[in-house]
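The values are calculated or read from the model by the stated rules, or taken from the named source; none is laboratory data. Nothing here was measured: the structure is a model prediction, and the numbers come from that model. Every residue, glycine among them, receives a Cβ derived from its backbone with ideal geometry; neighbour counts consider all protein chains shown. Ligands, DNA and RNA are stripped out before the accessible areas are found, and what is left, the full protein with its side chains, is counted by its heavy atoms. Shrake-Rupley method; radii C 1.70, N 1.55, O 1.52, S 1.80 Å.
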Amino acid sequence: MVLSKTASETDVSIHSTFASRYVRNSLPRFKMPENSIPKEAAFQIINDELMLDGNPRLNLASFVTTWMEPECNKLIMDAINKNYVDMDEYPVTTELQNRCVNMIAHLFNAPLGESEAAVGVGTVGSSEAIMLAGLAFKRKWQNKRKAEGKPYDKPNIVTGANVQVCWEKFARYFEVELKEVKLREGYYVMDPAKAVELVDENTICVAAILGSTLNGEFEDVKLLNDLLVEKNKETGWDTPIHVDAASGGFIAPFLYPELEWDFRLPLVKSINVSGHKYGLVYAGIGWVIWRSKDDLPEELIFHINYLGADQPTFTLNFSKGSSQVIAQYYQLIRLGHEGYKNVMENCHENAMVLKEGLEKTGRFNIVSKDDGVPLVAFSLKDNKRHDEFEISEMLRRYGWIVPAYTMPADAQHITVLRVVIREDFSRTLAERLVLDIQKVVHELDALPAKLNARLATEKQEQVKNGTVKKTAIETQREITAYWKKYVTERKSNNKTQIC
């Protein structure tokens, strides 16, 4: 299946005004050109197109880091030509990865001895990390079932409906049934009690989310652990827990150190975290840590020697750059506990500034919690005339990228906007965003209601009053007349202001 598509069937060539001093002929858009072009021309053509991308700093949809210090940027560029898997050729890079694994394992309170090495691996992100953790759970469950002479062909995994799409990918790609705990209005994370009810003898693990993508909330891993301990005692099962700490893994240890969510809980066997989110590294790095060697089946680890010495590998990818691993090590030693705590506290404070500013408008309900990932999820108190999707679209005129989306089942009737607060999102930007949201809301107030909302309102009034329903043409004429009146009034106002 081809996932790419052509942008236009008619415009099949690329033209560049600046590059025309080097190249007189246009370039094919979807085929490799026959001839070479000067490097200056290639740069200018690509640079011109990239100018139309959004500004990463104003992309408030993303959890991914968009700023790092110049010194780290230099380390990244210096290591850009190093292949991460060539461990024999780049032994220091491998050593830095091992240091990162051990630092993160200690951060997550792994039960390690004084000189015991942690079990974990660097990945391209939490998606790969979750795939690896899921495979370990599946293989360990299958081995146990085989030894007991029981069927091992119907594994399942229990999650909340709020999980990121990578969990659905894992279930589909590796043939594991996904059993989801549905959400409900006002409760947008997995209910531990309902999750434990779904557990059966074929459950390879229960996945808890430390920092929901939808509203940043931490799920109650402690309660899940306690309930699951009781169920395991009653049934004789040993169903474990995986914690998806993609967003919250680098937040909880610094903002909520007393919160028990990690390897302090006996049933937590593996944890993934995204280095490229609140680990403060550019996109392309994640980590998965296991509680002990016993939790990672040996048969999943491959040993190769065609790059030099014997090298163990447990990844879905093979070749990849070393830069992000080096950048992660830089951040861990550069910031330390003190630095990470300062960054996370600052992000949380800026989230509160944004939240309070939105509340003062009187137009929004806050869906996110104060504790959790520093983000603000909010919805309109009244979206009969205009909705959150319109606000998201109009904010792009000011440069802001703020996503609007519907909640999963059974809360899909709730629509929210979400602003993720990263290290490079200052208090000044938070205050500016509130002002721009207010402008957008006032502009929408002056506009006619969207057609669907008007039709729905009219239908409700007709049912209530027992009046005859208007035809589509009559409705359209009324909307057109409203728009003409609105435009005329705007023109009159502008003329008055100019005079």
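Observations on the structure shown:
- Label point 7 Å beyond Cα of S426 along Cβ direction - residues of the stretch 63-101 with amide nitrogen under 18 Å: 66-70
- Mean Cα-pair separation over length for the stretch 335-442, i.e. relative contact order, pairs under 8 Å, 6 or more apart, %: 30 percent
- T235 paired with K341, simple spin-label distance in nm, labels 7 Å along Cα-to-beta-carbon: 4.1 nm
- Cross-link pairs exceeding 25 Å in C-alpha to C-alpha distance, out of K269/K320; K179/K293; K146/K233, comprise K269/K320; K179/K293.
- Extension gain, A446 to E49, is 139.4 nm, computed as 0.36 nm per intervening residue step minus the present C-alpha separation.
- Bridge type composition, the stretch 72-332 - antiparallel percent by DSSP, nearest 5: 50 percent
- Whole-number D in µm² s⁻¹ for the stretch 72-332, Kirkwood Cα-pair radius fed into Stokes-Einstein, 20 °C, 1.002 mPa s: 114 µm²/s
- When only Cα pairs below 8 angstrom with a gap of at least 6 residues are kept, the stretch 249-344 shows a relative contact order of 27 percent.
- For the stretch 208-339, the solvent-accessible area of protein heavy atoms averages 38 Å² per residue (probe radius 1.4 Å; ligands and nucleic acids excluded).
- The stretch 357-400: C-alpha gyration tensor shape, a/c 1.5 cut-off, then a/b vs b/c: oblate
- Distance violations [Cα-Cα > 24 Å] among K82/K140; K140/K182; K384/K439: K82/K140; K140/K182
- With DNA, RNA and ligands ignored, accessible area of F43 (1.4 Å probe; Å², nearest 10): 130 Å²
- Its Cα gyration tensor gives the stretch 335-442 an equivalent ellipsoid. The semi-axes, each the square root of 5 times an eigenvalue, are 25, 16, 12 Å from largest down.
- When every Cα-Cα distance of the stretch 150-276 is counted in 10 angstrom steps from zero, the calculated P(r) takes the values 13, 46, 34, 7, 0 percent.
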